[in-house]
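Comments concern the structure below.
The values are calculated or read from the model by the stated rules, or taken from the named source; none is laboratory data. Computed from a predicted model, the values in this text were never measured in an experiment. Every residue, glycine as well, gets a Cβ built from its backbone with ideal geometry; the counts of neighbours run over all protein chains shown.
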Amino acid sequence: MFRATMKSLLARKVRLVLSGLAVVLGVMFVSGAFVLTDTLGRSFDAVFADAFAGVDVNVAAKPKLEVGEGEGEQVALPFPTDVVDRVRAVPGVASATGLVNADGARLIGSNGKVVTSFGPPQLGVNWTGESDLVRLREGRGPQADDEIAVNAALAKAAKVKVGDRVGALTAFESKRREFTLVGVFGYSSGRDTIGGANEVAFTTPAAQRLMLGAPGTFNNVTVRVADGVRPETVRDDVARTLGAGFDVKTGEELSAASSASLKEGLSFFNKVLLGFAAVALLVGTFLILNTFSIIVAQRTRELALMRAIGASGRQIIGSVVLEALAIGLVASVLGLGAGVGVGALLAWAFGRFAGGLELAGIGVPPQAVVGAFAVGMLITVVAALLPALRAARIPPIAAMQDVATPDRPLTKVTVSGAVVTALGGGLLAVGLTGNAGGATLTVILAGVLFTFIGVALLTPLISRPVVSLLGALFAWSVPGRLGRLNSGRNPRRTAITAAALMVGIALVTGVTVILDSAKSSISASAARTVDAQLVISGEQTGPRPPTFDASVVDKAAALPGVDAVLGVYNDNAIVDGDRTYVVALTDLAAMARIYGTVPQSGTAATLKPDQVALSVSGAKELGKSVGDRLTAQFARSESPHTYTVAAVLPDERSIGSIILPRQAGPEFTNPEPFSALVRLTPGTPVSQVQPQLDALVADNPEVSVADRASYIEQQTSGFDTLLTMIQILLALAIVIAVLGIVNTLALSVLERTRELGLLRAIGLRRAQTMRMITVEAVVISVFGALLGVAVGTGLGAAVVRALKDEGITDLVLPWSQMGIFLGLAALIGVVAAALPAVRAARINVLGAIAHD
């Protein structure tokens with residue numbers, strides 16, 4: 001049986017290539033994800049090992065607000081300069097250097113625009129001279145407070161050179177300040193940057209004022225230990241000397257901790273890629289299942305002969321499963337190789353996108369190898385199992401019959417589909433209503449998976465009438481009528497082929513429904529509740545939002561024609577022991593006018609420095625009412641603040657659930673406002689006020705003034721970017737579905753060789769034969785697209801309904817995109833039919849008639 005199976009497999013190489021290719025593509029995504037994260041992880045290890053190579057021990061104040069990678073910026077509080085003297089006095093310390101090292105230094109390039117960063121920090125530091133790591137390439141270090149030096153990568157990006165007057169924005173001064181560029185520096189081994197970071201070096205007093213907001217302070221101390229002294233010993237002695245308020249680590253510990261923080265963000269990215277790999281493999285499973293079903297049907301006589309000469313049902317099952325294992329093994333090897341290439345390419349792109357991250361060598365981690373073979377071989381075996389069981393039931397008497405595949409009743413598959421669909425719907429209901437506890441995401445994903453499988457099982461029941469209806473569009477010609485009949489002659493095969501396309505289109509449609517509904521809801525809510533004609537803000541292109549000087553808010557409020565201006569700060573904070581999102585406002589009364597806020601209790605006239613306003617939902621979550629107290633710890637505050645609840649506001653008329661006074665804003669991670677809403681007096685034209693506001697922020701190229709519609713469009717543009725990324729990643733699933741259509745048609749042409757020969761013999765021309773195959777492909781692909789649009793719309797609508805309490809109230813159906821999907825499906829059918837149609841048209845008529 002083994003030899004017979006191998007010969008059978010080698011005799012049918014071409015028809016198995018496409019199904020194997022589906023596994024290759026899915027495995028490529030899985031292994032590529034692991035290769036990417038392993039390469040980037042080792043690259044970050046190397047970056048931080050270099051960055052802290054000259055540091056034996058590092059001292060920093062413990063952050064008041066712990067945040068993970070991707071959740072926000074970790075702020076290390078400044079401490080007095082005498083801490084450096086205390087560290088220097090510890091036995092075993094050879095030298096101790098006070099450092100300013102903080103994110104938020106943005107250089108303005110020669111084109112007048114801020115040099116942006118899409119991930120790596122934009123550091124502002126104090127110049128401490130050259131070292132083993134830092135080497136001047138041109139000029140000198142800054143000596144006056146209006147001088148700076150920058151690293152070579154930033155100088156190239158900004159297109160500036162030594163001697164130029166350049167502008168910069170800093171963490172505590174978001175208005176343009178002019179400096180003379182006096183030096184350009186690089187790093188050991190000829191590098192222009194460490195990990196893609198842009199670095200601006202100031203004098204120590206300037207760095208303390210502009211980056212820490214506190215003259216006479218540092219936020220780091222680096223220590224070199226004396227010869228023969230262990231860094232761990234000095235670490236422990238320094239920690240005892242300074243007390244519990246400081247975080248003291250060796251250079252190795254600091255390097256490992258910094259790298260682990262970034263790897264935490266990479267793990268999320270890895271899960272996203274694995275999620276798309278799972279979708280691709282699900283679609284591939286449909287393709288392989290269909291392939292083996294057709295192969296088993298075509299080999300009915302061959303398998304029956306094997307049964308007749310003594311092969312057992314178990315041996316027949318083993319034969320089909322062995323074929324699947326062989327395909328899975330080859331596909332896994334090819335997929336792993338392709339995954340290494342894709343992972344390397346993505347790592348290279350990430351390095352360029354991140355500003356020149358120097359990559360470690362491309363490696364293949366054990367997870368990539370194990371994942372490739374486990375997934376690739378498991379998918380093929382699972383997909384081949386049902387056809388294998390069906391093959392084992394072929395009776396020996398079938399050897400004396402014509403090869404035929406009688407249509408079986410759809411009762412069992414329909415009942416199974418109804419049960420699985422109901423189970424998927426139930427899981428979705430539990431997950432979307434928030435009743436799944438900590439397993440919400442898992443339950444929702446399981447619900448989506450079972451829904452897809454259930455719909456796929458139900459598809460044969462509806463395929464014949466729907467396909468017949470779609471085929472009627474082509475029934476005006478003989479090839480069209482034949483193509484229509486062919487597409488509906490085997491509901492199970494048509495259903496599985498269409499289901500593969502359904503998955504990809506359903507996910508794209510569902511995501512489009514959700515994102516379009518979110519955009520519409522945000523826009524409608526803003527139009528309904530916000531009475532502001534102009535907005536001062538910037539477009540966030542990196543980890544830090546653009547901010548502007550708080551004095552802009554007061555100056556704007558004093559302009560003729562301006563009725564109210566509301567400046568907004570935002571951040572995470574620890575409120576009554578739990579981390580949550582908070583906002584600080586420059587004027588609560590301005591919010592009341594702009595949002596039309598009427599408090600449910602308390603007063604919205606003003607907020608004193610020790611008062612807080614809560615939304616109804618915020619008050620309910622905290623269990624607070626007017627007169628109660630709460631504590632809040634901010635990123636830059638030495639100790640928690642205590643606030644008294646002054647007002648409870650309606651959710652729909654509140655800018656946040658926890659609203660703090662203006663005095664809290666400077667203690668946030670970003671100590672300046674990120675937006676300001678401007679309400680004009682009735683009858684004042686926008687054109688009168690907007691130029692004056694433009695003049696107020698002219699010294700900050702990150703920030704601009706926009707009308708309300710433009711601002712809303714700017715803020716929701718991220719949804720379009722997200723949708724585009726999802727569509728690109730899901731395109732792989734659609735490519736696999738196209739392979740499924742090609743595979744089905746190619747195998748169908750082989751199966752119908754005699755039939756095609758007879759049709760040609762009675763007068764069907766080559767062009768007509770090709771049109772017949774094309775009609776069959778178009779009908780199947782459009783049927784799959786219709787299923788995808790219907791299922792995706794249902795899933796998207798369910799999610800939107802579940803998010804009603806989160807403010808997503810409008811259900812928007814993307815009719816134009818649905819039409820595009822159906823049009824693309826027809827085009828996909830035409831493309832998929834090309835090779836099978838040409839093969840059918842080239843059939844030798846006499847040979848086909850004699851074909852058995």
Residue identified as hydroxyl-bearing (S, T, Y) and under 21 Å from N670 (Cα atoms) among T509, T529, T586: T586
Those residues of the range 581-613 which are of a type in the set (K, R) and farther than 16 Å from V678 by Cα, in sequence order: K608
Pull out all pairs, ordered by first then second residue, where Cβ-Cβ is under 9 Å, the residues are six or more apart or on different chains, the first lies in the range 616-627 and is modelled with pLDDT of 90 or more, and the second is among the basic types (K, R). G618/K624
Scan the range 23-52 and report the pairs whose first residue is more than 30 Å from S188 (Cα to Cα) and whose second residue is of a type in the set (F, W, Y) and part of a helix (DSSP H, G or I), with Cβ atoms within less than 8 Å and a gap of 6+ or a chain change. F29/F276
Can you tell me how many residues in the range 23-77 are part of a loop (DSSP other than H, G, I, E, B), at pLDDT below 80 and either hydroxyl-bearing (S, T, Y) or more than 30 Å from H641 (Cβ to Cβ) (or both)? 3
Residue check, T716 against (1) at pLDDT below 80; (2) part of a strand (DSSP E or B), all met but one. Which one? (2)
Considering the range 200-242 alone, what residues qualify as being among the aliphatic types (A, V, I, L, M), assigned to a helix (DSSP H, G or I) and either in contact (Cβ under 8 Å) with a residue 60 or more places away in the chain or not assigned by TED's automatic domain parsing to the domain that holds V134 (or both)? A206, A207, L210, M211, L212, V234, V238, L242
The range 120-143, subset in contact with an Asp or Glu (Cβ under 7 Å, 6 or more places away or on another chain) and part of a strand (DSSP E or B), residue surrounded by the fewest Cβ atoms within 10 Å (Cβ to Cβ): L136
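Collect the residues in the range 589-635 that are assigned to a strand (DSSP E or B) and among the charged types (D, E, K, R), keeping them in residue-number order.
Result: R629, single match.
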Which residue out of R839, R771 is outside the structural domain of P650 (by TED's automatic domain parsing), in contact with a Pro (Cβ under 9 Å, 6 or more places away or on another chain) and over 20 Å from P491 (Cα atoms)? R771
Test: residue in the range 65-80 that is crowded, with 18+ Cβ neighbours inside 10 Å, within 30 Å of G361 (Cβ to Cβ) and aromatic (F, W, Y): no
Among the residues of the range 305-361, which ones are at pLDDT below 75, buried (at least 20 other Cβ atoms within 10 Å of the Cβ) and over 26 Å from the mean Cα position of the chain (by Cα)? M306, R307
Scope the range 636-671; condition part of a strand (DSSP E or B), surrounded by 17 or more Cβ atoms within 10 Å (Cβ to Cβ) and of a type in the set (S, T, Y); matching residues: Y643
Give the residue that is nearest to P650 (Cα to Cα), with candidates limited to residues of the range 796-825 that are among the small types (G, A, S) and at pLDDT below 85. G807
Single unsatisfied condition, T769 versus (1) under 30 Å from T509 (Cα atoms); (2) modelled with pLDDT of 70 or more; (3) crowded, with 19+ Cβ neighbours inside 10 Å: (1)
Is it the case that some residue within the range 222-244 is polar (S, T, N, Q), in contact with a helix residue (DSSP H, G or I) (Cβ under 9 Å, 6 or more places away or on another chain) and at pLDDT below 90? no
I need every pair where a residue in the range 348-373 that is in a helix (DSSP H, G or I) has its Cβ under 9 Å from the Cβ of a residue that is modelled with pLDDT under 70 and buried (at least 18 other Cβ atoms within 10 Å of the Cβ), sequence separation at least 6 or different chains. F350/L357; G351/L357
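Which one of these is over 39 Å from the mean Cα position of the chain (by Cα), surrounded by fewer than 15 Cβ atoms within 10 Å (Cβ to Cβ) and in the same structural domain as I780 (by TED's automatic domain parsing): L473, L482?
Result: L473 is the single residue among L473, L482 that is over 39 Å from the mean Cα position of the chain (by Cα), surrounded by fewer than 15 Cβ atoms within 10 Å (Cβ to Cβ) and in the same structural domain as I780 (by TED's automatic domain parsing).
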